[in-house]
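Trainee: Following this message is one structure expressed as structure tokens.
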Amino acid sequence: MAKGMILAAGQGTRVRPLTKDQPKPMVPILGKPVMEYLIEHLASHGVTEIVVNVAYHHQRIEQYFGDGRRWGVEIGYSYEGVREHGDILPRPLGSAGGMRRIQDFSGFFDETSIVLCGDALIDLDIGAALREHQDKGALASIVGLEVPLEEVSSYGVVVADEQGRIQSFQEKPKPQDARSRLASTGVYIFEPEVIERIPPGKVYDFGAELFPLMAQQGLPFFVQNRPFNWIDIGRVSDYWTVLMRVLGGEVGSMRMPGHEVQPGVWVGVNTQIPWDAIKISGPVYIGSGVKIEPGVSIVGPAWIGHGSVIREGAHLERSVLFEYTRIAPYMSFSEMIVSRQYCVNRHGDTLYAGDDSHPLRWGDARA
């Protein structure tokens, strides 16, 4: 089979405040970190040796995933940072630089390896992708996905011949300038020789530096065009859309936890819910330890994280509460992601709890 690498060293600045105190791969979807879905997916395709490069908030990732045995895999970590004036500071080496560092350290990538970004959900048939890579005799393959012409300006676009051999790249082209609709999904397959082409000890990037060079040199470098679900969480608005799609049942591989107590309403254990005194229309998931008071109305898609409290008369619509969030009485939250400290609307505008300049009131349900 192949070895795996998950890129998890980035800061996730474009999805703040979701990454204020956690790295982007730990942002939850249906109560599970994005990266957990990737590890499950790799394991289901027989990729059981995985290295993760880490930097910002790296302990959050390492404490949660440990050595990987819960998922039937072996996970190792490669920390990217520097010592400055006695402090250890995260300092990512770029997507390619991180891979070269691991190779120089241990020679881990001694066979075909698959690289995934730690902040996107995929349901790619990894076995088929590896077979195509080997059948073409590729040194490197990028898994691409056709996107609508009007969306090409959000992506790095791959330009290839009929055989899929990569000729060049366009970074976020205008639709009228695009020479292809094939977006790079950040899923790469490499032979060990590719890693030797990455300069050691440098910040170096696959997309901006290594790939254009390989295309120029005319190496056996291919793009695969295969249909699969690829859900990239680049911005807060993407994250909100993903949650709505998942709750709406559009992503087949993701199942709701809990028990379905009425059509489209799932509930965890140990909850306090006065069913005859609230209005609820699914899809809605209510986590364990949640308390809902009379007079509350919830319109799905909605996700109520464990330990949350929704006080009397509050209204929640197309929103997500992270764990232990308390919504004050008679408050109305629409199209929001709400945590104990902040809430952010679907466009990325953020409000903070305790700021009196807005009418919304919410806080920490643990006290």
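The values are calculated or read from the model by the stated rules, or taken from the named source; none is laboratory data. Being a predicted model, the structure only gives us computed values, none of them experimental. FYI the Cβ positions are ideal-geometry reconstructions off the backbone, even for glycines, and counts take in every protein chain you see.
Trainee: Can you tell me which residues in the stretch 320-338 are part of a loop (DSSP other than H, G, I, E, B), at pLDDT 95 or above and either touching a strand residue (DSSP E or B) at 6+ places or on another chain (Cβ under 7 Å) or under 23 Å from Val269 (Cβ atoms) (or both)? Steps first, please.
Mentor: Going through the stretch 320-338, the residues part of a loop (DSSP other than H, G, I, E, B) turn out to be 322-324, 328-331, 335.
Within this subset, residues satisfying the condition of being at pLDDT 95 or above are 324, 328-331.
Listed by number, the residues that qualify are Tyr324, Ala328, Met331.
Trainee: I've got another one for you. Could you check how many residues of the stretch 132-167 are without any contact (Cβ under 8 Å) to a residue 60 or more places away in the chain and within 17 Å of Val187 (Cα to Cα)?
Mentor: Of the residues in the stretch 132-167, the ones without any contact (Cβ under 8 Å) to a residue 60 or more places away in the chain are 134-135, 147-153, 155-157, 159, 161-163, 165-167.
Narrowing the set further to residues that are within 17 Å of Val187 (Cα to Cα) leaves 134, 147, 155-157, 159, 165-166.
Here the count works out to 8.
Trainee: Every residue in the stretch 307-319 that is under 21 Å from Lys32 (Cα atoms) and outside any loop (DSSP other than H, G, I, E, B), please.
Mentor: Val309
Trainee: Given the residues Val269, Val246, which is the only one that is outside any loop (DSSP other than H, G, I, E, B), β-branched (Val, Ile, Thr) and within 29 Å of the chain's Cα centre (by Cα)?
Mentor: One residue alone meets the criteria, Val246.
Trainee: Further question: With respect to Phe228, is the statement that it is surrounded by fewer than 17 Cβ atoms within 10 Å (Cβ to Cβ), in the same structural domain as Leu42 (by TED's automatic domain parsing) and of a type in the set (Phe, Trp, Tyr) true?
Mentor: yes
Trainee: I've got another one for you. Looking at Glu74, Glu84, can you tell me which residue is touching a strand residue (DSSP E or B) at 6+ places or on another chain (Cβ under 6 Å) and either modelled with pLDDT of 95 or more or not hydrophobic (A, V, I, L, M, F, W, C) (or both)? Walk me through how you get there before you give the answer.
Mentor: Working: Glu84 fails: touching a strand residue (DSSP E or B) at 6+ places or on another chain (Cβ under 6 Å).
Going through Glu74, Glu84 in turn, the sole match is Glu74.
Trainee: Could I ask something else about it? Need the failing condition index for Leu213 against (1) surrounded by fewer than 15 Cβ atoms within 10 Å (Cβ to Cβ); (2) part of a loop (DSSP other than H, G, I, E, B), just the number.
Mentor: Result: Leu213 fails condition (2) only.
Trainee: Still on this structure: Among the numbered criteria (1) under 28 Å from the mean Cα position of the chain (by Cα); (2) over 29 Å from Gln11 (Cβ atoms), which single criterion is violated by Ile278?
Mentor: For Ile278, the exception is condition (1).
Trainee: Which condition breaks for Ile50 when tested against (1) touching a helix residue (DSSP H, G or I) at 6+ places or on another chain (Cβ under 7 Å); (2) farther than 30 Å from Gly249 by Cα; (3) modelled with pLDDT of 95 or more?
Mentor: (2)
Trainee: Still on this structure, please answer the following. Can you confirm whether Ser141 is surrounded by 14 or more Cβ atoms within 10 Å (Cβ to Cβ) and in a strand (DSSP E or B)?
Mentor: yes
Trainee: Quick one: count up the residues across the stretch 117-131 that are under 21 Å from the mean Cα position of the chain (by Cα) and within 15 Å of Gly46 (Cα to Cα). Walk me through how you get there before you give the answer.
Mentor: Just the residues of the stretch 117-131 that are under 21 Å from the mean Cα position of the chain (by Cα), to begin with: 117-126, 129.
Imposing the further condition that a residue be within 15 Å of Gly46 (Cα to Cα) reduces the set to 123-126, 129.
The total comes to 5.
Trainee: Considering the stretch 44-69 alone, what residues qualify as being surrounded by 22 or more Cβ atoms within 10 Å (Cβ to Cβ) and without any contact (Cβ under 8 Å) to a residue 40 or more places away in the chain?
Mentor: Listed by number, the list holds a single entry, Phe65.
Trainee: If you go through the stretch 175-193 one residue at a time, do you hit one that is buried (at least 21 other Cβ atoms within 10 Å of the Cβ), farther than 20 Å from Ala8 by Cβ, at pLDDT 95 or above and not aliphatic (A, V, I, L, M)?
Mentor: No, because not a single residue in the stretch 175-193 is buried (at least 21 other Cβ atoms within 10 Å of the Cβ), farther than 20 Å from Ala8 by Cβ, at pLDDT 95 or above and not aliphatic (A, V, I, L, M).
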